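The values are calculated or read from the model by the stated rules, or taken from the named source; none is laboratory data. What you see is a predicted model; the values in this text were computed from it and never measured. A quick note on method: Cβ atoms are made from the backbone with ideal geometry, for glycine too, and the neighbour counts reach across all protein chains shown. Accessible surface is based on the protein model in full, side chains and every heavy atom, while ligands, DNA and RNA are left aside. Shrake-Rupley method; radii C 1.70, N 1.55, O 1.52, S 1.80 Å.
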Amino acid sequence: MKYIDEFRAGDLAQQISAKIACETNPRRHYHFMEFCGGHTHAISRFGIADLLPANVRMIHGPGCPVCVLPIGRVQNAIQLAQTPDVILCSYGDMLRIPASNGMSLLKAKAHGADIRMVYSSTDALKIAQENPHRQVVFFAIGFETTTPPTAVAIQQAKTLDLKNFSVFCNHVLTPSAISHILQSPEVREFGLVPLDGFIGPAHVSVVIGSQPYEYFAEEFQKPVVIAGFEPLDVMQAILMLIRQINTGRAEVENEFTRTVLPAGNIKAQALVADVFELRRTFEWRGLGWVPYSALKIKSHYADFDAEQRFVISALSIADNKACECGAILRGVKRPQDCKIFGTVCTPENPVGSCMVSAEGTCAAHYRYGRFRERNNVAIKEN
Amino acid sequence: MSQKGFVKPGYSRSLDLKNGCIEMAHGSGGRAMAQLIQQLFVTAFDNEFLRQMNDQACFPSFSGRMVMSTDSHVVTPLFFPGGDIGSLAVHGTINDIAMAGAKPCYLAAGFILEEGFPLSDLKRIVDSMAQAARTAQVPIITGDTKVVERGSGDGVFITTTGVGMVPEGIHISAENARPGDKILVSGTLGDHGVAVMAQRENLSFETSIESDTAALHGLVAHMIAATPNIRVLRDPTRGGIAAALNEIAQQSSVGMMIYESNLPIQEQVQAACEFLGLDPLYIANEGKLIAICAAPDADNLLRAMRAHPLGKNAAIIGEIIEDSYRFVQMQTCFGGARVVDWLSGEQLPRIC
């Protein structure tokens, strides 16, 4: 554990905190978006806000894979799970995401659907081999990090000639989401989301490398610092962003050099290219339809595509009216700006997806940070 | 003079504890059930009260206040490093009684057995219970068995109930915490949960972590002797220390501030939690307790705890603060503050 502790050392944190305080320009504000839920979680869990000056504000981005999946796709997964003889395999975080009519995969499971929580795509493959008379569907979600393992499972299924394994593919792409945010009228025209720079993804960047971000830095003149998920990584990245802004630079810098290479993981990229291709467009919760932002299974693996094997109809289901997940995912609102945060919507009874996963902005704020708004009576227990 | 094929009068074939398994007949009230009870349970738990062989156990009453507690155990897997469902069932109820500062006196045990469950495994469990009860000096004086059809249970479920007596002048309750009080824990956190998780089929990883399952009444008696006015005791089982602290904060209408750097957590437990994305504060313990006492008593109590084998890693982890919102907060090693919230949903399947 020495390895982890080194990235959580309190004394080093104090040193970086002092540098940040010293180097920030008191006459301006700094607004940085951490794209990834992993960073959001680290910021909340380690209380990083307490170590930043008042004029440095973190805006939580949409990088929580279960949060951005639209209700329609969750509903599709529930329908798949309720199909006779189907076993649906899903990552644990997805199980509690609310769909329509108060349904979730977890509730569908309680009503008799055969839903198995798995830790990896290969677990799903194993379940398919063990249940040759059942159709096993892997509910594949996530950004570039979880895509290569799904590709491996599909390739293996082909090698094994498995007739009962398919993938319901919902893999999405980080760069397109960042472009979409930067091009949104809220950022470009109305100035609703002041954005001075990005903390770039950690694990996603291990796969795609640092090059894909060059475009944002150049086109939108926004600095990007790729950072690891440990709290010292985040602090260091914030300091690097502040230095870029103070010196008028907008570059891609890599704080996470211990794992991220400029070109990324070429092998993983080749795997993904073999199995997947771009979707013309895909719906994101909060961001709407984003062109070329998701992947689908290529035709030569069509036998393993659940969207080919089963009838899956496109469902467009609106979010609960009171739920601000959309605006929160775009960085326009904060959890505490939502009327139902902490009252109607809690981790026990989530209304919106951001309240479910540990990486969700609302869940992270509810779990770790809500004592900061003590005067908000809505958060009082009992 | 011997005769071929002669069978001794009164002979009955004994239970096949090696290859036999639970059948529906073992719960039907007939001869098979009587045999199971006699040869397995009564033999293992043997004591004067059980020997009465009535549907109830008769024991002398005590003067003063008594406590009673019941606890059902449904752990998967049934056997794990450091213990099994049997020892867990004995320790769980003893600990619930001890958390009132009481001396546990008697236990009752109810078994729900699944058809097809191997008798050899049942014997291992029953022997482990008997051993745990004997070590703790708390006899199991009455019990019950039921058998459910294959598929309706998960091998074996055990419910234990216990009674104990509270010594004169001891008033320990979760509503007693007051601002300024100190919060102590008796040892390393999360050992049981991680030991059990490491054995799970879909999650197996190698670790030498053992469950901390233990009866805590000896430690409690030792603590009370040193500091009779302990205010609160609680064993942080399901939901871990986070759940236990939040329960106390609710019941006492106070807030808490704990210090991450003071939390005793084994490196291996920390590593397993990092790997699995879990927080050791939410992992179950089966042989640890939280104690709250007035600040001037804290050092004395800590010394007493550390002098006992089950409290050698005890630590003061924080203090009670005034807070009408009853937040349990933690000062992180990193220098920030955060809420230690209740566990939401289920962190993992059954572990205690």
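From A:G342, A:G326, which residue is surrounded by 18 or more Cβ atoms within 10 Å (Cβ to Cβ), farther than 18 Å from A:H171 by Cα and over 21 Å from the mean Cα position of the chain (by Cα)? If you could, list the steps in order and put the result at the bottom.
On the way: A:G326 fails: over 21 Å from the mean Cα position of the chain (by Cα).
After applying the criteria, what remains is A:G342.
Within the range B:74-94, the set of residues being of a type in the set (D, E) and farther than 9 Å from B:S128 by Cβ is empty.
Identify all residues within the range B:150-190 that are acidic (D, E) and either in contact with a His (Cβ under 6 Å, 6 or more places away or on another chain) or open to solvent by 10 Å² or more (accessible area, probe 1.4 Å) (or both); write none if there are none.
So in the range B:150-190, the residues acidic (D, E) come out as B:154, B:168, B:175, B:181.
Across the range B:150-190, the qualifying residues are B:D154, B:E168, B:E175.
For B:R326, the criteria (1) surrounded by fewer than 22 Cβ atoms within 10 Å (Cβ to Cβ); (2) modelled with pLDDT of 90 or more; (3) more than 21 Å from A:A364 (Cβ to Cβ); (4) among the basic types (K, R) hold in every case but one, which is (3). In the range A:212-233, what residues are open to solvent by 10 Å² or more (accessible area, probe 1.4 Å) and within 19 Å of the chain's Cα centre (by Cα)? Within the range A:212-233, A:P212, A:F229, A:E230 meet the criteria.
Somewhere in the range A:328-347, is a residue over 17 Å from A:W284 (Cα atoms), free of Cβ contacts under 8 Å to residues at least 12 places away in the same chain and facing chain B (nearest Cβ under 9 Å)? Looking through the range A:328-347, none of the residues is over 17 Å from A:W284 (Cα atoms), free of Cβ contacts under 8 Å to residues at least 12 places away in the same chain and facing chain B (nearest Cβ under 9 Å). Among the residues making up the range A:253-280, those that are open to solvent by 60 Å² or more (accessible area, probe 1.4 Å) and polar (S, T, N, Q) are A:T257, A:T259, A:N265, A:Q269.
Within the range B:172-203, the only residue that satisfies the criterion of being small (G, A, S), in contact with an Asp or Glu (Cβ under 7 Å, 6 or more places away or on another chain) and assigned to a helix (DSSP H, G or I) is B:A195.
The one condition from (1) crowded, with 24+ Cβ neighbours inside 10 Å; (2) more than 14 Å from every other protein chain (Cβ to nearest Cβ); (3) modelled with pLDDT of 90 or more that A:G61 does not meet is (3). Residues in the range A:255-271: is at least one out of contact with any Ser or Thr (no Cβ under 7 Å at 6 or more places or on another chain) and within 14 Å of chain B (Cβ to nearest Cβ)? No: zero hits. All of A:L182, A:L192, A:L125 fail the test of being in contact (Cβ under 8 Å) with a residue 12 or more places away in the chain and within 14 Å of chain B (Cβ to nearest Cβ), apart from A:L125.
Can you tell me which of A:D5, A:D93 is charged (D, E, K, R), within 13 Å of chain B (Cβ to nearest Cβ) and free of Cβ contacts under 8 Å to residues at least 40 places away in the same chain? Write out each step before concluding.
On the way: A:D93 fails: free of Cβ contacts under 8 Å to residues at least 40 places away in the same chain.
Of the residues listed, the single one that is charged (D, E, K, R), within 13 Å of chain B (Cβ to nearest Cβ) and free of Cβ contacts under 8 Å to residues at least 40 places away in the same chain is A:D5.
For (1) under 18 Å from B:A315 (Cα atoms); (2) within 19 Å of the chain's Cα centre (by Cα); (3) modelled with pLDDT of 95 or more; (4) assigned by TED's automatic domain parsing to the domain that holds B:I321, each residue gets a yes or a no:
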{"residue": "B:A215", "(1), (2), (3), (4)": "no, yes, yes, yes"}
{"residue": "B:A225", "(1), (2), (3), (4)": "no, no, yes, yes"}
{"residue": "B:R231", "(1), (2), (3), (4)": "yes, no, yes, yes"}
{"residue": "B:A244", "(1), (2), (3), (4)": "yes, yes, yes, yes"}
{"residue": "B:I258", "(1), (2), (3), (4)": "yes, no, yes, yes"}
{"residue": "B:L276", "(1), (2), (3), (4)": "no, no, no, yes"}
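So, B:A89, is that one farther than 30 Å from B:I290 by Cα and touching a residue at least 60 places away in the same chain (Cβ under 8 Å) or not? If you could, list the steps in order and put the result at the bottom.
On the way: farther than 30 Å from B:I290 by Cα: no; touching a residue at least 60 places away in the same chain (Cβ under 8 Å): yes.
So B:A89 does not fit the description; no.
Take A:N76 and tell me if it is modelled with pLDDT of 90 or more and farther than 22 Å from A:F304 by Cα. So A:N76 does not fit the description; no.
When the range A:364-374 is limited to residues that are more than 8 Å from chain B (Cβ to nearest Cβ) and buried (at least 24 other Cβ atoms within 10 Å of the Cβ), the one that is nearest to the chain's Cα centre (by Cα) turns out to be A:A364. Taken residue by residue, the range A:259-266 has at least one member that is within 29 Å of A:M240 (Cβ to Cβ) and assigned to a helix (DSSP H, G or I).
Looking at A:E23, A:E34, which is the one that is charged (D, E, K, R), open to solvent by 10 Å² or more (accessible area, probe 1.4 Å) and more than 9 Å from chain B (Cβ to nearest Cβ)?
Details: A:E34 fails: open to solvent by 10 Å² or more (accessible area, probe 1.4 Å).
Answer to the check: A:E23.
Among the conditions (1) open to solvent by less than 30 Å² (accessible area, probe 1.4 Å); (2) within 14 Å of chain B (Cβ to nearest Cβ); (3) touching a His at 6+ places or on another chain (Cβ under 9 Å), A:M355 misses just one, which is (3). With respect to the conditions (1) polar (S, T, N, Q); (2) within 26 Å of A:V332 (Cβ to Cβ); (3) more than 26 Å from the chain's Cα centre (by Cα), A:Q14 falls short on a single one, namely (2). Of the listed requirements (1) over 17 Å from A:F35 (Cα atoms); (2) in contact with a strand residue (DSSP E or B) (Cβ under 6 Å, 6 or more places away or on another chain); (3) among the aliphatic types (A, V, I, L, M), A:A237 misses just one: (1). Checked against the criteria, B:G335 counts as within 22 Å of A:Y368 (Cβ to Cβ), assigned by TED's automatic domain parsing to the domain that holds B:Q199 and modelled with pLDDT under 95.
Kindly state which strands (runs of 3 or more DSSP E) lie completely within the range A:90-182 and contain at least 2 residues that are open to solvent by 40 Å² or more (accessible area, probe 1.4 Å) and more than 16 Å from A:F304 (Cβ to Cβ). Reasoning before the result, please.
Numbers: elements: A:114-118, A:135-142, A:165-171.
Passing ranges, in order: A:114-118.
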